[in-house]
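Visitor: Below you will find the structure I want to go over with you.
Where a number appears in this text, it was derived from the coordinates with a stated rule and is not lab data. Note that the coordinates shown come from a computational prediction; the quantities given were computed from them, not determined experimentally. Glycine also receives a Cβ, built like all others from the backbone with ideal geometry; neighbour counts cover every protein chain displayed.
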Amino acid sequence: MIVATLVLLVAAAAGFAVRLVRGPSLADRVVALDGLLTISVMIIAAYGVLIGSTRFIVVTVVVALVAFLGTATFARFIERRGS
């Protein structure tokens, strides 16, 4: 079951990667990057469940915090750029 979850998460990551490359706007790319980071958190958590390790919890929290700060920073940049 976890392997199927990982396969679906990789497929979702591929979709976000396409949106990141193709755009067309900066906001689309920021949303795609945020989606990729969210998917990476889910992949790390699912992998931790697969191997039965709790060590990945800290990694997922750190990556999620970095993703949030990055998205907030990009959103602020886009907002200032528009005015």
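Visitor: Check Ile39 against each of (1) assigned to a loop (DSSP other than H, G, I, E, B); (2) touching a residue at least 24 places away in the same chain (Cβ under 8 Å) and name the one condition it does not meet.
Guide: Just one mismatch for Ile39, condition (1).
Matching residues to (1) in contact with a helix residue (DSSP H, G or I) (Cβ under 8 Å, 6 or more places away or on another chain); (2) surrounded by 12 or more Cβ atoms within 10 Å (Cβ to Cβ); (3) farther than 20 Å from Gly15 by Cβ; (4) not hydroxyl-bearing (Ser, Thr, Tyr):
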site: Ser40; (1), (2), (3), (4): yes, yes, no, no
site: Ile43; (1), (2), (3), (4): yes, yes, no, yes
site: Ile51; (1), (2), (3), (4): no, no, yes, yes
site: Phe56; (1), (2), (3), (4): yes, yes, yes, yes
site: Val63; (1), (2), (3), (4): yes, yes, no, yes
site: Phe68; (1), (2), (3), (4): no, yes, yes, yes
site: Ala72; (1), (2), (3), (4): no, no, yes, yes
site: Gly82; (1), (2), (3), (4): no, no, yes, yes
